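The values are calculated or read from the model by the stated rules, or taken from the named source; none is laboratory data. Everything quoted here is computed from the prediction, not taken from an experiment. FYI the Cβ positions are ideal-geometry reconstructions off the backbone, even for glycines, and counts take in every protein chain you see. Only protein heavy atoms, including side chains, enter the accessible area calculation; ligands, DNA and RNA are left aside. Shrake-Rupley method; radii C 1.70, N 1.55, O 1.52, S 1.80 Å.
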Amino acid sequence: MQRNTIPSPRQPLSLWMPLVAAITAAGCAAGPPHPSSGATRTPAPSTGAAHADSAAPADAAGFAAWLAAFSPQALAAGIRPDSVRQVLGRAQLLPRVLQLEYNQPEFSRPPWTYLDGAVSAPRIAQGQVQRAKHRDALDAAAARYGVPAPVLTAIWGMESDYGRYLGTFRTVDALATLAYAGRRRDWARTELLAALRIIDQGDIAAEAMLGSWAGAMGHTQFLPSVYLAQAVDADGDGRRDIWGSIPDVAASTARFLADVGWQTQEPWGCEIRLPDGFDHARAESDVRQSAEQWAAEGLRGVDGQALPALASAAVIEPAGARGPAFLVGQNFRSLLRYNNSTHYALAVALLAQRIDAGPGVVADWPRDLQPLSRGQMQQLQTILNAQGYDSGASDGVYGPATRAGLRRYQQSRGQVPDGYPTLELLQSLQSSPGG
């Protein structure tokens, strides 16, 4: 399709003004915000500049002015003027999107609570039904990209409950709102341009491009940039349809995982039994060696069986030394590229295992442990830093730096250095000198 000629950014601003005026008028005439809500899951880690913790002032006039200023960027990126005028010019400000972004729940769920919901009996049963119903599409994607069909089915279940919840936010509206007043505006602008490009090239109409408040779309919740890079037309109809074509959904999801390093010959990992005297400080994702080397140190499958062949494997303890332990390889890390959460990757792996009639988690979770709120986590980080146990920024987010600082504190007290934050540890820190 031949594109209309657009003014060069180096040409006089007067050449842009008719289109900018049309965008501004359309923005000011926008109707009420879309009232719906949708899934929040995103299939790949997001990056972008961070902004203040409280939502920026968001009003219709300011949004319309922002659209007018942004439209030349869309034109310069190669989006046709008609698409900019008809799609971006009709974008609506969605205050609900900003509420969802700036008011995330304070309490995080511990792994056992997360997995109880993610790998529930109904989701396993429905996954087996969908696996059988769409066997041809799932098997074709598995054969083409080397990602097992149960894994693709599990991601589908995790992302949209097998298509029941695709999200009801118009993607352009959600991303334009986030680009105007969200926390990660640079990232949102990039995704908005990608969404406009998808519409511009005819894969889907703007009104039909629906997804989560964060811009993730379709049965397996692709961000627009991921769609452009990895979506596949598997059914041969000339469109990459992750909203309505299960063959396209399965192939697109499999291609993403293949592109980020899925190893066909390896499993994701397995639940393990650790030997007596195991150094729990080594239960970290960046401490990697072959399964054969781990076996030489006494690690075994949870029921005593041999470890699977994994070229580069790490031990993880999602709930610390008191909970189950797992040996995970490259394919687990590929799942983390879909959603950078250990809980998420483990849920996909276990759900796929159960859909394929495999076992669940054998060891007991320490369900008596109380999770820390974000405020409590900030207190823990602040005290650790004050006492010389560097835990990074006191942001309330539990990550590798906090885990490392907590491990150093535990080692100094002769405790098991698993780096898992508990209320007992916080209270111990508060009562120690300098706490």
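Tabulated data for the structure shown
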item: Vicinal HN-Hα couplings computed from phi for segment 294-303 (Karplus, 6.51 cos²θ - 1.76 cosθ + 1.60; Hz; Gly/Pro x); result: 5, 4, 5, 8, x, 6, 9, x, 4, 9
item: In Hz, Karplus ³J(HN,Hα) per residue of segment 415-431 (6.51, -1.76, 1.60; θ = phi - 60°; x = Gly, Pro); result: 9, 5, x, 8, x, 8, x, 10, 4, 4, 5, 4, 5, 5, 5, 5, 8
item: Virtual spin-label span in nm between V260 and A309, 7 Å along Cα→Cβ; result: 2.6
item: Selection from Q128, L335, T171 lying farthest towards where the dipole of the chain points positive, charges on Cβ; result: T171
item: Trypsin sites (Lys or Arg not before Pro) within segment 382-435: DSSP coil, no more than 13 neighbouring Cβ in 10 Å; result: R413
item: Residue of A393, A64, A174 that the Gaussian network model of the chain assigns the largest fluctuation, springs spanning Cα pairs under 10 Å; result: A393
item: Accessible surface of the chain [probe 1.4 Å, protein heavy atoms]: carbon and sulfur percent; result: 51
item: Cα-centred dipole magnitude for the chain, charges only on beta-carbon of K, R (+1) and D, E (-1), debye, nearest 20; result: 720
item: S290-A386 pseudo-label distance in nm [points 7 Å out on the Cα-to-Cβ vector]; result: 4.9
item: Per-pair calculated FRET efficiency, R0 = 35 Å: N103 and A363 via Cβ, rounded to 0.05; result: 0.50
item: Calculated FRET value between A65 and R374, using beta carbons and R₀ = 41 Å, to 0.05; result: 0.75
item: [x] 22; [y] 36; [z] 27, with the label sought being that of the calculated percent of Cα pairs over 36 Å apart; result: [y]
item: Alpha-carbon centroid distance for the pair segment 286-352 / segment 80-136, whole angstrom; result: 26
